[in-house]
């Protein structure tokens, strides 16, 4: 099919697979297809396509839940795309089919809840009737709020001064922002500073409505002037857009799971950020070379994927 | 293996690209790629994606739903090691295209 587009589904999904494999932390596991005879899993974390670029986020989500005795199954890969990519390309029928495949696929695990980490997935699944599924589909922040008492009992102080970045375009995103703030306020030692310029556009950053550069710069300048150690963001897409600003402004960017992990004593790495802060495709290729060779990937192809995924 | 050679139409009906065809109750895609005819299932073995909307790179066709990629040169082998795509032998006789489909 001649698409006439700069990107095809193949290039996009192959980038998800390729970069996802290259950046995956040790011990990070997910399934692309739940077996028909799979044992019931109360909680499923949906690892959305672009979240493969920041694999510590779903990995931390699972580890945080394990801290309070809640095991879960991570289901991901392009095989569980919500259909956002097809929506973006205005392939309405493919969007609908893709969304339904993912939503019905989750049922194989007979979950009580399917936990989202991506606002795009929430929007697309919501448009295709996820509320009619036998499980509850919800942003994972809702579960953290449900278990906040248990989380709080295990928290140790995190001595950081932070600014929280957030989105409020609709009620769901407002709720995510409120939940994130409630979770962060529960962490002892954390100083949440009163910023005025931390509101993001759209339902998240990066893909469709990236935060305009002047607004982004203003957010970081304000954070620096307030004496913030970090800007804490609610979504993987915000994290991807903003983490490069560390180079210029010296204010660290964290996904809020990072802060929660610190409070719970969970160690983690941030492979996407580490690569982005190298600030050069060549340097990233060199850093990833052992894994590129181990996985037998074609360097030219990987170089294009790094450019597309990490330096876009 | 016994095959039925099914008449799929005139060769001229299948210019470059992908062409969905219904043969009895079997839906297939007849593809002319790099000047040669290939035939394969119209539904992706992963989740029944529409293979007539595949993206094409040489002799590799990719399902548009999740980009499972099938190499027609290797009989429909899925390149990530997932399930393969069923392909059919194609024969052209006097400008007429026949597919070998199991009864």
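No lab work stands behind these numbers, since they all come straight from the coordinates. Owing to the predicted nature of the structure, the values given are computational and were not obtained by experimental measurement. Here Cβ is always computed from backbone atoms with ideal geometry, including for glycine, and neighbour counts include all displayed protein chains.
Could you grab me the full set of residues in the stretch B:33-70 that are more than 9 Å from chain A (Cβ to nearest Cβ), out of contact with any helix residue (DSSP H, G or I) (no Cβ under 8 Å at 6 or more places or on another chain) and crowded, with 18+ Cβ neighbours inside 10 Å?
B:39, B:45, B:51, B:70 - these are the residues of the stretch B:33-70 that are more than 9 Å from chain A (Cβ to nearest Cβ), out of contact with any helix residue (DSSP H, G or I) (no Cβ under 8 Å at 6 or more places or on another chain) and crowded, with 18+ Cβ neighbours inside 10 Å.
Those residues that are within 14 Å of chain B (Cβ to nearest Cβ), part of a helix (DSSP H, G or I) and either touching a residue at least 60 places away in the same chain (Cβ under 8 Å) or over 27 Å from residue A:95 (Cβ atoms) (or both), I need them from the stretch A:20-37; list them, please.
The answer is A:21, and nothing else.
Within the stretch A:64-83, work out how many residues are out of contact with any strand residue (DSSP E or B) (no Cβ under 7 Å at 6 or more places or on another chain), part of a helix (DSSP H, G or I) and either at the interface with chain B (Cβ under 10 Å from one of its Cβ atoms) or on the phi > 0 side of the Ramachandran plot (or both).
2
If you scan the stretch A:217-253, which residues turn out to be within 27 Å of residue A:144 (Cβ to Cβ), in a helix (DSSP H, G or I) and without any contact (Cβ under 8 Å) to a residue 40 or more places away in the chain?
Hits for the stretch A:217-253 are A:220, A:241, A:245, A:246.
Looking at B:25, B:10, which one is farther than 22 Å from residue A:49 by Cα, loosely packed, with under 14 Cβ neighbours inside 10 Å and touching a residue at least 60 places away in the same chain (Cβ under 8 Å)?
B:10
Here are the criteria: (1) out of contact with any strand residue (DSSP E or B) (no Cβ under 7 Å at 6 or more places or on another chain); (2) on the phi > 0 side of the Ramachandran plot; (3) more than 13 Å from chain A (Cβ to nearest Cβ). Tell me which single one residue B:9 does not satisfy.
The one condition residue B:9 does not meet is (1).
Does residue A:8 satisfy the criteria of being crowded, with 17+ Cβ neighbours inside 10 Å and out of contact with any helix residue (DSSP H, G or I) (no Cβ under 6 Å at 6 or more places or on another chain)?
Yes; evaluated as a whole, the condition is true for this residue.
Working carefully through the options A:201, A:157, A:134, A:188, find the one that is touching a residue at least 12 places away in the same chain (Cβ under 8 Å), part of a loop (DSSP other than H, G, I, E, B) and within 30 Å of residue A:38 (Cα to Cα).
Answer to the selection: A:134.
Please pick out the residue among A:61, A:40 that is more than 13 Å from every other protein chain (Cβ to nearest Cβ) and surrounded by fewer than 20 Cβ atoms within 10 Å (Cβ to Cβ).
Answer to the check: A:40.
Can you tell which of A:76, A:126, A:149 is farther than 22 Å from residue A:232 by Cα and either crowded, with 18+ Cβ neighbours inside 10 Å or out of contact with any helix residue (DSSP H, G or I) (no Cβ under 9 Å at 6 or more places or on another chain) (or both)?
Testing whether each residue is farther than 22 Å from residue A:232 by Cα and either crowded, with 18+ Cβ neighbours inside 10 Å or out of contact with any helix residue (DSSP H, G or I) (no Cβ under 9 Å at 6 or more places or on another chain) (or both) leaves just A:76.
Are any of the residues in the stretch A:1-9 more than 21 Å from residue A:135 (Cα to Cα), away from every other protein chain (no Cβ under 14 Å) and touching a strand residue (DSSP E or B) at 6+ places or on another chain (Cβ under 7 Å)?
no
If you take the residues of the stretch A:84-104 that are within 11 Å of chain B (Cβ to nearest Cβ) and within 18 Å of residue A:135 (Cβ to Cβ), which of them is surrounded by the fewest Cβ atoms within 10 Å (Cβ to Cβ)?
It comes out as A:104.
So, of the residues in the stretch A:114-135 that are farther than 20 Å from residue A:208 by Cβ and within 18 Å of the chain's Cα centre (by Cα), which turns out to be nearest to the other protein chains (Cβ to nearest Cβ)?
Once the filter is applied, the top-ranked residue is A:114.
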